[in-house]
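Contents: one structure, followed by commentary.
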Amino acid sequence: MSEGATPDAACNLERSMDPVLPFTPLIRSLPAVVPFVPPEALERRNGRPLAVRVGANESAFGISPLAREAMRGAVEQISWYNDPEAHELRLTLAPLHGVAMEEVCVAAGIDELLGLMVRLSVEPGDPVVSSRGSYPTFNFHVAGFGGRLCPVPYRGDYTDLEALAAEVKKTGAPLVYLANPDNPMGTFHPAASVRDFLGQLPPDCLVILDEAYVEFAPAQVHLPVETLDPRLVRMRTFSKAHGMAGARIGYAVAHRQVVAALDKIRNHFAVNRVAQAGALASLGDPGFLAGVVRQVEEGRREYAALAGELGLRAVPSGTNFVALEIGPQARRLLEVLLENDVFVRMPGMAPLDRCIRVTVGTPQERRDFAQVLRRVLPQVRP
Ligand SMILES: Cc1ncc(COP(=O)(O)O)c(C=O)c1O
């Protein structure tokens, strides 16, 4: 410390000197990006709250009253550690999927499971196959473990199953990602096509089938349980139809060897007891879930009608959001909507970035969104 300098000043000086910290070369090479700018950050940037939050595909329809009650009860025991085996929840989930509980892994949302799967199977430099512009958190994890992403273009509004399989064969990738229904386009493939896709893949490639939105999709999308195929890792979440995104809980249904491997590396206490209690109770309220699905279907129809009224195309959706095709002005529209305190998102990559992606909100949120869209669309149209 130089003479006369205060301890605080010395500390600031040290901070400003960019110390050389012992990060791995991989970590040093990573850009400082996050998969999504959160709506809270947008509010901080705007200096005011959002008026309409229909950008993050959260549920607008709350949680089951049974889940609320169970979660309140679980708060009373929050001083205890949670059950790291999520025993009761797995015991309940297993028969719902026609599998054994050793074939279910509970984690802090699909996002955590995606990272774990990459860590299980990808070494630095390994190719990993996904669709160009699909769910970016998967890509984030691939980058974080040093994988080499091999993105496959969509075919129109759809993930291209044949091209994904061809890319796996060409590159020898140990892991391929498919969201069905897809985010950000909302489109879906029938289960039979997914089965054909699996049939085309080599025996040594793991397949993540991300079914975050499957509750909102037609019955033909629901793949019969096939955990006998050790390559297939199906992922489900309580974040969407169950309305528990902030609780951070999801699960994988997979071959028991995959679940055992996940057990070797997962954060065993990651899923807190309030989330576990809420998820368990929500599973016991199928009527609530059916009501949410009905309301989402109604909202999708409303967005399609709005698109028709404004001369836009609504991409057919099996999710709780709708992609509206805007054209080259999509990004400008997104910005103008945000200036009007309306939060929507858009796909990050061409050619999907011709669309904006709007979550089905409450009837009031949908009316508010429609009102602002009608007003601002002429401002961005050429
Ligand atoms: C395709 C897809 N997978 C996974 C997730 C995240 O799921 P979770 O909240 O369980 O981490 C999302 C969230 O938007 C998503 O769109």
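Structure values in brief
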quantity: 5 angstrom amide H check on ARG148, placed H, neighbours 5+ away; calculated: GLY125, ASP126, VAL128
quantity: Residues whose placed amide H lies under 5 Å from that of ASP341, excluding near-sequence neighbours; calculated: none
quantity: Residue of SER134, SER317, SER121 that the Gaussian network model of the chain assigns the largest fluctuation, springs spanning Cα pairs under 10 Å; calculated: SER121
quantity: Relative contact order %, the chain, counting alpha carbon pairs below 8 Å whose residues are six or more apart; calculated: 23
quantity: Nearest-20 debye value, the range 65-284 charge dipole, Cβ charges on Lys, Arg, Asp, Glu; calculated: 240
quantity: Vicinal HN-Hα couplings computed from phi for the range 112-120 (Karplus, 6.51 cos²θ - 1.76 cosθ + 1.60; Hz; Gly/Pro x); calculated: 5, 4, 4, x, 5, 5, 5, 4, 5
quantity: In sequence order, calculated HN-Hα J values of the range 374-379 (Karplus, 6.51, -1.76, 1.60; Hz; x Gly/Pro); calculated: 4, 6, 8, 4, x, 5
quantity: Relative exposure of SER193, SER59, judged by other C-beta atoms within 10 Å (fewest first); calculated: SER193, SER59
quantity: Rounded D (µm²/s) - the range 65-284, Kirkwood Rh over Cα pairs, Stokes-Einstein at 10 °C, 1.306 mPa s; calculated: 90
quantity: Listed residues THR159, THR24, THR187, most fluctuating in the chain (Gaussian network, C-alpha, under 10 Å); calculated: THR24
quantity: Average silhouette area of the chain, convex hull of alpha-carbon atoms, in square nanometres; calculated: 22.8
quantity: Relative contact order of the range 65-284, defined on C-alpha pairs under 8 angstrom at six or more residues apart (%); calculated: 30
quantity: Beta bridge orientation in the range 65-284: antiparallel %, DSSP, nearest 5; calculated: 40
quantity: Ranking of GLU297, GLU40 by count of other Cβ atoms within 10 Å, fewest first; calculated: GLU40, GLU297
quantity: 13 Å beta-carbon shell around GLY348, net charge (K/R +1, D/E -1); calculated: +4
quantity: Efficiency of FRET between ALA166 and THR24 - r from beta-carbon atoms, R0 41 angstrom, step 0.05; calculated: 0.80
quantity: Among 87-93, 238-244, the order from most to least packed when residues are scored by Cβ within 10 Å on average; calculated: 238-244, 87-93
quantity: Whole-Hz couplings from phi, Karplus 6.51/-1.76/1.60, listed for the range 325-341; x for Gly and Pro; calculated: 7, 10, x, x, 8, 4, 5, 4, 4, 4, 5, 5, 4, 5, 4, 9, 6
quantity: Percent RCO, i.e. relative contact order, over the range 165-317, from Cα pairs under 8 Å lying at least 6 residues apart; calculated: 21
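Read-outs throughout are calculated quantities, based only on the coordinates presented, and are distinct from any laboratory measurement. Note that the coordinates shown come from a computational prediction; the quantities given were computed from them, not determined experimentally. Positions of Cβ are backbone-derived with ideal geometry, glycine not excepted, and every protein chain shown enters the neighbour counts.
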